[in-house]
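**Q** A single structure is presented below for examination.
The values are calculated or read from the model by the stated rules, or taken from the named source; none is laboratory data. These figures come from a predicted structure and were not determined experimentally. So basically every Cβ, Gly included, is an ideal-geometry build from the backbone, and we count neighbours across all protein chains shown. Side chains are part of the model used for accessible areas, which takes the heavy atoms of the whole protein and leaves out ligands, DNA and RNA. Shrake-Rupley method; radii C 1.70, N 1.55, O 1.52, S 1.80 Å.
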Amino acid sequence: MKYIKTLSGKNLRREDLAKIGCGECQTSCQSACKTSCTVGNQKCEQN
Amino acid sequence: MARGQIHKFYLNNKYIVLDVNSGAVHMVDRMVYDVLDHYGDKSLEEIVSIFDGVYDKEALEEAYGEINYLVEEEMLYSPENDLGDLVYNQDNIVKAMCLHVAHDCNLKCAYCFASQGNFKGERTYMSLETGKKALEFLAKNSGNRRNLEVDFFGGEPLMNFQVVKDLVAYGRELDKKYNKNFRFTITTNGVLLDEDKIDFINENMDNVVLSLDGRREVNDRMRKTIRDGGSYDVILPKFKELVEKRGTKDYYIRGTFTNYNTDFSKDIRDFYDQGFKKVSVEPVVTPEEMDYALRSEHLDDVLREYEEFSKEYIKIRKKDKDFLFFHFMIDLNQGPCIVKRSVGCGAGSEYLAVTPEGDLYPCHQFVGEDDFRLGSLDTGIENKDLREVFKKANIYNKEECRSCWARYYCSGGCHANAYYAHKDLTKPYKLGCEMEKKRIECSISILANEDE
């Protein structure tokens with residue numbers, strides 16, 4: 001595209017439903033901040 | 001069908017458009033940015049007429065076509081996610097614990113939510129027996145989860161370090177017995193760090209959170225020794241030694257900012273200049289009446305500071321990619337899935353805090369609040385209604401979150417912030433929301449700049 005550059009695609013729409021909600025990722029603000037909730041900066045354990 | 005939600009902003013020389021429901025993020029030119037103000041409400045002909053003399057007709061038509069394409073691909077204005085009736089943690093799995101190994105502290109920081117370590121109660125230490133019981137509780141209640149997180153917290157956990165060491169050894173036994181992977185972390189003020197403790201922490205802790213507030217005068221205003229002296233000069237060399245010996249393992253040097261240092265980017269910069277590369281500096285959480293509290297009159301300054309710092313951050317990272325500010329980190333492609341982003345931190349069900357006596361609370365910030373005691377290691381969860389309240393406090397059940405563009409990034413925010421601001425877990429802490437939204441915009445504009 002000429003006018004739009006996509007930095008990230010549909011990352012909230014994963015085709016494989018078995019791969020969502022596994023619960024293995026870091027829980028809570030546990031080991032970095034302890035006083036606020038930022039989930040968008042955490043990692044998925046399946047990647 | 002109603003159009004889905006987008007959010008657009010201009011920051012750090014980039015025009016950015018987020019598609020809220022799909023998570024897609026686009027960098028656009030000024031023309032597309034302007035056209036989006038009218039897209040869907042006006043026809044192409046009307047849009048061409050609106051921008052007559054501003055943008056070339058042919059270019060407008062091409063841009064309009066690109067927008068159409070992304071809409072068809074559900075990467076712009078995409079419909080709301082259908083998670084059905086989201087049933088979260090049906091099996092009540094617990095996978096993370098905050099162990100309050102010492103309700104005591106050797107500093108008396110003015111803003112401490114733990115009331116100088118004792119959480120409004122007696123000064124007590126967790127026994128090894130209680131600690132072992134906690135790890136057993138976690139292993140047995142974690143279902144098929146393999147990665148279990150345990151943070152040694154306080155008060156100051158180094159005041160009970162032998163128990164910390166013994167619990168790490170016990171965790172390794174439980175790893176084998178239950179086929180788990182205990183990940184230990186510790187949050188410390190550093191006062192009692194010595195060579196042995198540093199080596200133990202570096203060897204055994206997946207992450208370590210080092211509490212310091214930045215510049216000497218900023219730190220020493222709030223983080224005082226028991227005799228009212230400054231703690232900076234005692235602690236800084238110890239943290240430096242720990243980090244120098246830590247290699248590539250994770251750590252955060254973590255500060256708190258108050259209304260006395262809304263110029264907190266100078267503290268972040270000071271950390272960096274002292275050799276710390278992984279930095280987190282967080283807004284203080286405290287009742288509004290405290291003299292150092294962040295109140296609405298401070299918000300503009302704080303938001304401006306985040307923006308200004310994001311410019312400096314881009315410059316520093318051009319030369320040094322190892323520099324990380326926790327709240328500017330974002331991974332658009334490999335971040336958490338939609339379930340995680342909908343339910344948030346997991347406090348009160350997946351995550352529990354354990355007091356020295358073995359009582360269970362939804363998280364470390366609720367410890368000492370009698371109404372929030374969930375049960376104990378001996379009895380398990382007794383207040384099941386309270387657990388349900390936490391499980392249901394997700395972005396779909398919070399009215400303000402349902403229409404907020406940032407909902408899949410903050411996941412509804414901190415339960416403790418909401419409670420202490422409104423006595424209601426479903427009403428987000430407004431000031432926190434505004435700061436979080438600004439941090440997300442900064443993070444994405446940083447990524448856009450690094451994408452070049």
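**Q** Label B:Glu45 and B:Arg172 with points 7 Å out from Cα along Cα→Cβ: what is the distance between them in nm?
**A** In this crude spin-label approximation the distance works out to 7.7 nm.
**Q** Shifting gears a bit: Could you please state, rounded to a whole Å, how far the C-alpha centre of the stretch B:302-316 is from the C-alpha centre of the stretch B:97-175?
**A** 36 Å
**Q** If we restrict to alpha carbons, what Rg and Dmax does the stretch B:115-209 come to, in Å?
**A** 13.6, 38
**Q** How much mean residue ellipticity at 222 nm does the protein assembly as shown get from its helices, if each DSSP H run of length 4 or more adds -39500 (n - 2.57) and you divide by all residues, to the nearest 500 deg cm²/dmol?
**A** Counting only the DSSP helices, I get -10500 deg cm²/dmol.
**Q** In square angstrom and rounded to 100, what buried accessible area do you get between chains B and A, total over both, with the probe at 1.4 Å?
**A** It comes to approximately 5300 Å² buried between B and A.
**Q** Another question about this same structure. Roughly speaking, to the nearest percent, how much of chain B's 1.4 Å accessible area is carbon and sulfur?
**A** Of the solvent-accessible surface of chain B, carbon and sulfur hold 45 percent.
**Q** Report, by chain and number, residues whose modeled amide H sits under 5 Å from the one on B:Arg183, excluding near sequence neighbours (fewer than 5 apart, same chain).
**A** B:Leu148, B:Glu149, B:Val150
**Q** For the stretch B:170-299, what class follows from the C-alpha gyration tensor (a ≥ b ≥ c being the square roots of its eigenvalues): rounded when a/c is under 1.5, otherwise prolate if a/b is larger than b/c, else oblate?
**A** In terms of gyration-tensor shape, prolate.
**Q** Could you work out how much longer the chain between B:Asp233 and B:Gln162 gets when fully extended? Use 0.36 nm per residue separation minus the Cα distance between them, nm to one decimal.
**A** Result: 23.0 nm gained on full extension.
**Q** Could you provide, to the nearest whole Å², the per residue accessible area of the protein assembly as shown with probe 1.4 Å?
**A** Heavy-atom accessible area per residue stands at 41 Å².
**Q** A further question on this structure: Distance in nm between label sites at B:Asn92 and A:Gln46, each 7 Å beyond Cα in the beta-carbon direction?
**A** My value for the distance between the label points is 2.7 nm.
**Q** Now, a different point. Report the full-extension gain for the segment B:Val54 to B:Asp322: residue separation times 0.36 nm, less the Cα-Cα distance, to one decimal in nm.
**A** Between B:Val54 and B:Asp322, full extension yields 92.2 nm more.
**Q** How much length would be gained if the chain were fully extended between B:Glu307 and B:Tyr10, taking 0.36 nm per residue of separation minus their Cα-Cα distance, in nm to one decimal?
**A** Roughly 105.8 nm would be gained on extension.
**Q** Give me the dipole magnitude in Debye, nearest 20, for the stretch B:1-79 about the Cα centre, with unit charges on the beta carbon: positive for Lys and Arg, negative for Asp and Glu.
**A** 420 debye
**Q** A further question on this structure: Looking at the protein assembly as shown, what % of its DSSP beta bridges pair antiparallel, to the nearest 5?
**A** Looking only at bridges with both residues in the protein assembly as shown, the antiparallel portion is about 45 percent.
**Q** Something else now. Quick check on the stretch B:9-51: of the DSSP beta bridges with both residues there, what percent are antiparallel, nearest 5%?
**A** Beta bridges within the stretch B:9-51, antiparallel portion: roughly 90 percent.
**Q** Hey, another quick one. Could you work out the percent of alpha carbon pairs in the protein assembly as shown separated by over 42 Å, rounded to a whole number?
**A** 18 percent
**Q** First check a/c for the stretch B:75-134, with a ≥ b ≥ c the square roots of the eigenvalues of its C-alpha gyration tensor; if it is under 1.5, answer rounded, and if not, answer prolate when a/b is larger than b/c or oblate otherwise.
**A** Taking the square roots of the gyration eigenvalues as a ≥ b ≥ c, the stretch B:75-134 is oblate.
**Q** If you place +1 on the Cβ of every Lys and Arg, -1 on the Cβ of every Asp and Glu, and leave all else neutral, what size is the dipole of the stretch B:260-313 about its Cα centre, to the nearest 20 Debye?
**A** It comes to approximately 380 debye.
**Q** Here is a follow-up. What figure in square angstrom, to the nearest 10, would you give for the accessible area of B:Glu195 with a 1.4 Å probe?
**A** For B:Glu195, the solvent-accessible surface is approximately 110 Å².
**Q** Another question about this same structure. With +1 on the Cβ of every Lys and Arg and -1 on the Cβ of every Asp and Glu, and nothing else charged, how large is the dipole of the protein assembly as shown about its Cα centre, in debye rounded to the nearest 20?
**A** Value, rounded to 20: 1280 debye.
**Q** Same structure again: Over chain B, what per residue volume does the convex hull of the Cα atoms give, in whole Å³?
**A** 157 Å³
**Q** While we're looking at this one, here's another question. Can you list the residues, at least 5 places off or on another chain, whose amide H is less than 5 Å from the amide H of A:Lys43, using H built in the peptide plane?
**A** Those qualifying (amide H under 5 Å, at least 5 residues apart or on another chain) are A:Gln26.
**Q** Compare the Cα positions of B:Val71, B:Asn92, B:Asn118 along the charge dipole of the stretch B:40-148 (+1 at Cβ of Lys, Arg; -1 at Cβ of Asp, Glu; about the Cα centre) and return the one farthest towards the positive end.
**A** B:Asn118
**Q** Compute the distance in nm between two label points, each set 7 Å from the Cα along the Cα-to-Cβ direction, one at B:Lys277 and one at B:Glu434.
**A** With each label point 7 Å from Cα toward Cβ, the separation is 3.6 nm.
**Q** List the aspartates and glutamates whose Cα sits under 12 Å from the Cα of A:Lys5, skipping any in the same chain fewer than 8 residues away.
**A** B:Asp29, B:Glu66, B:Asp451, B:Glu452
**Q** Rounded to whole Å and sorted largest first, what semi-axes of the equivalent ellipsoid does the C-alpha gyration tensor of the stretch B:1-92 yield via the square root of 5 times each eigenvalue?
**A** 32, 15, 9
**Q** Rounded to the nearest 0.05, what FRET efficiency is calculated for B:Lys423 and B:Glu297 with R0 set to 30 Å and r the Cβ-Cβ distance?
**A** The value I calculate is 0.85.
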